[in-house]
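The values are calculated or read from the model by the stated rules, or taken from the named source; none is laboratory data. Fair warning: this is a prediction, and the values are worked out from it, not measured in the lab. Here the Cβ is made from the backbone with ideal geometry for all residues, glycine too, and neighbour counts use every protein chain on show. Note: accessible area is taken over every heavy atom of the protein model, side chains too, but ligands, DNA and RNA are not part of it. Shrake-Rupley method; radii C 1.70, N 1.55, O 1.52, S 1.80 Å.
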Amino acid sequence: MAKPRKQKSDERGPDSSGGVVLHQKLCLSVDMERRMIFGHTEIQVIPSEAGHIGLHADNMTISRVLVDGELAEFEFVPHFQPLEDEKRWCSVSCVNSAADAASSTYMSSLDDEIVPNLLIAWSKATNSINEQESQHDQSNVGNILPNSLGENGHDGDHFDKNVKLIRIDYSVDKPETGIHFGDNILYSVNQLRRADCWFPCMESSMQRCSFDLEFTVDSNFVAISNGNLLYQVLSRDVPPRVTYVYKLSVPICAKWISLAVAPFEILPDSHNSVITHMCFSQNLSKLQNTIGFFHNAFSHYEDYLSMSFPFGSYKQIFIPPELLTSSVNLGASMCMFSSEILFDEKVIDQTIDTRIKLAYALARQWFGVYIAADEPNDEWLVDGLAGFITDSFVKCFMGNNEARYRRYKANCAVCKADASGATALSSSAASTDLHGTQSIGFYGKIRSWKAIAVLQMLEKQMGPDSFRKIFIAPL
C-alpha cells in the first residue's frame, strides 16, 4: 500500500549502499558564463558495520572526501563505459541485430545505474587534514547535526557513535544530463536516475531524508529550489552574488530535488500565500491570465484529502519550450513547465488542457512525492490516486460532461491497449523488471489511465463516502 515514508533507522536495516541517510545538505555555486556548478554536499548517515558506504555519482569531478573531518579513501567509477558499448555494436550485421544490441546496451545501462559507484571507506580514513581545517569542519558538525538529528527522530547525543558526516567536494563542468545550461538559464530534470549527475546521493526510493539547500548565483539571477526559502545573503564580491537558502524538512527521495536559476519574474498568488508563480518577463501577462484558477485546485485537494499541503510552499516555474528537454519537470514543492501552455485572455480552447496539466502536477505532490509506494509493483496505485483526485477537480470545476468525456476517451485507449497485450498493473513484468521505464511515454499514460479506471470502479462499488475514508486513511 502506498504511504508517506519517513526515514527511521529502526524501520529497516541498511541496504546495499551500506547505510541509512538521515540528512543531506547541498552548498553549490553556479557559474553561468562557464556553465559550471561547484561546491560540496554533506551527508549524515547511520553506517553499517561494513566500514564503507556506496553513493551514486556521475558526470562530475570529485576533488576530495572527508568523513568526520578527516580525509577518506574513496573509489569513483563512472557508470558510462564507452568500450563496453563498442563491443556490443561490433556484432551488428542487420536491422534485427542492431535492435538487439540497442536493447542490450539500454538494459545494461539501467542495471549498472542501480549499483552505487562512489565507494567511501571510513574505516581506513587516513591523512588527517591540517588542524585549522579540521577544527572548522568539526565546528560545522556541532552546529548542524544536533538539530538535524532531532528533526529525524535521532538523539544528537549519540552522534559520535552512531552517525557519520560525509563531506564531498566536487564540480560539474558543462553537464549534458541531469542538469542543463541554456541561454541565461540553468535547470535540473527529474529523468530516471539523473539526480546523481549533479550531486552525489543515495538515489533509491528507499532512501528518504530532509535537505538543506544553498545556492549562490549572480545578483541578477533568482535561484528556485525545494522547500521554504529561509533567507538570502548578498555578498560583498564585485560583482555581487546572492546565496539563496532553502530548507526542506519533509523526507523525500533525492530524485525530487530540483533547481532552476534564471532572471525570473516572480508573481505571488493573490489568493493563497503558499503558492508562487514564476516565468520570464515576456510571458508575465500570459502567466497572470493562466493561473487565476489555481487556488481552487489547491483548496479542493486540501478539502478532499482533509490535510494541508505537505511541503509548506509550492512554486510553479514556466520556461520557454526551446530551453526545455521535457514539458514537465516535477520536484518536491515545485514544478517546471513549458511556457507554451500559458495563454492570454483571447484563447479559449487551450484553457481546459492547461488547467488539467497544472492540477495533475499539483496532485503528484501528494501522490508521488510525499506519498511513495512501498514496492515497485505498487507504483501504479500512486499514479492512479494522483489521476483520481485530478479527475475529481475536473468534475467539480469543469462539469460532469467534461469529466465523463475525458474518462470515456481514456477508457477506450486502455481497452485498445489491453486487447493488444498490455501487461497487468501489479506485476514484476510491468514494473520491477522495467527499472522505472514503465512510467515513460505512451505506455506510462496507459498505465495511469488504467489505474484511474480501477479506482473509479472501486469508488462506484463502495460508494463515494466509504471510498473516500479509505482513500485518505494513509494520510
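Along the positive direction of the dipole of region 292-384 (beta-carbon charges: Lys, Arg +1; Asp, Glu -1; about the Cα centre), which of Asn296, Val328, Gly384 reaches farthest?
The Cα lying farthest towards the positive end belongs to Asn296.
Given the Cα-Cα distance of Gln191 and Lys416 and 0.36 nm per residue of separation, how much length would full extension add, in nm?
The span from Gln191 to Lys416 would gain 78.2 nm if fully extended.
Apply the Karplus parameterisation 6.51 cos²θ - 1.76 cosθ + 1.60, with θ equal to phi minus 60°, to every residue of region 22-35 and state each ³J(HN,Hα) to the nearest whole Hz, in sequence, with x for glycine and proline.
So the J values, rounded to whole Hz, are 9, 6, 9, 10, 10, 10, 10, 10, 10, 10, 5, 5, 8, 6.
Non-local amide H neighbours of His23 (under 5 Å, H modeled in plane, Pro and chain starts lacking H): which ones?
Gln44
Is any residue of region 321-342 close enough, with backbone N under 19 Å, to a label point placed 7 angstrom from the Cα of Asp183 along the Cα-Cβ axis, and if so, which?
Output list for this probe position: 321-326, 338-341.
Would you please classify the overall shape of region 216-362 from the alpha carbon gyration tensor, given that a ≥ b ≥ c denote the square roots of the eigenvalues, rounded means a/c under 1.5, and beyond that prolate means a/b larger than b/c while oblate covers the rest? Could the numbers behind the result be given before it?
Numbers: a/c = 1.85, a/b = 1.26, b/c = 1.48.
Oblate.
At a 1.4 Å probe radius, carbon and sulfur cover how many percent of the accessible area of region 181-330? Intermediate results must be reported in sequence, preceding the final value.
Values: 2720 of 5580 Å².
With neighbouring chains kept in place, the figure for region 181-330 is 49 percent.
Report the calculated FRET efficiency for Ser326 and Glu73 (r = Cβ-Cβ distance, R0 = 41 Å), to the nearest 0.05. The partial results should precede the final answer.
Details: r = 38 Å, r/R0 = 0.93.
Using R0 = 41 Å, I get an efficiency of 0.60.
Once both labels are modelled 7 Å past Cα along the beta-carbon direction, what's the Ala424-Gln288 spacing in nm?
According to this spin-label approximation, the distance is 5.5 nm.
If the chain between Asp344 and Ile62 were fully stretched, how many nm would it gain, using 0.36 nm times the residue separation less the Cα-Cα distance?
Details: separation 282, 0.36 × 282 = 101.52 nm, distance 4.68 nm.
This chain segment gains 96.8 nm when fully extended.
Output wanted: per-residue J couplings in Hz (rounded whole) for region 306-321, from phi through Karplus 6.51 cos²θ - 1.76 cosθ + 1.60, θ = phi - 60°, x for Gly and Pro.
So the Karplus estimates, Gly and Pro as x, are 6, 7, 7, 4, x, 10, x, 8, 9, 10, 10, 10, 10, 10, x, x Hz.
Loop-only check: which trypsin sites (Lys or Arg not before Pro) in region 232-309 are DSSP coil with at most 14 other Cβ within 10 angstrom?
On the way: sites: Arg236, Arg241, Lys247, Lys255, Lys286; in loops: Arg236.
Qualifying residues, ordered by number: Arg236.
Hey, with R₀ at 56 Å, roughly what FRET efficiency would Tyr443 and Gln232 work out to, going by the Cβ-Cβ distance, to 0.05? Before the final figure, lay out each step's value.
On the way: r = 43 Å, r/R0 = 0.77.
After rounding, the FRET efficiency stands at 0.85.
Give me the number: length gained by fully extending Ser299 to Asn272, i.e. 0.36 nm times residue separation minus the C-alpha to C-alpha distance, one decimal in nm. If you can, show how the numbers build up before the last one.
On the way: separation 27, 0.36 × 27 = 9.72 nm, distance 0.91 nm.
Value of the extension gain: 8.8 nm.
Taking a 25 Å limit on the Cα-Cα distance, which of the listed pairs Lys315/Lys450; Lys247/Lys357; Lys286/Lys357; Lys25/Lys286; Lys25/Lys255; Lys395/Lys450 fall beyond it? Let's see the in-between values first.
Details: Lys315/Lys450 29 Å; Lys247/Lys357 27 Å; Lys286/Lys357 16 Å; Lys25/Lys286 36 Å; Lys25/Lys255 14 Å; Lys395/Lys450 18 Å.
Pairs exceeding the cut-off: Lys315/Lys450; Lys247/Lys357; Lys25/Lys286.
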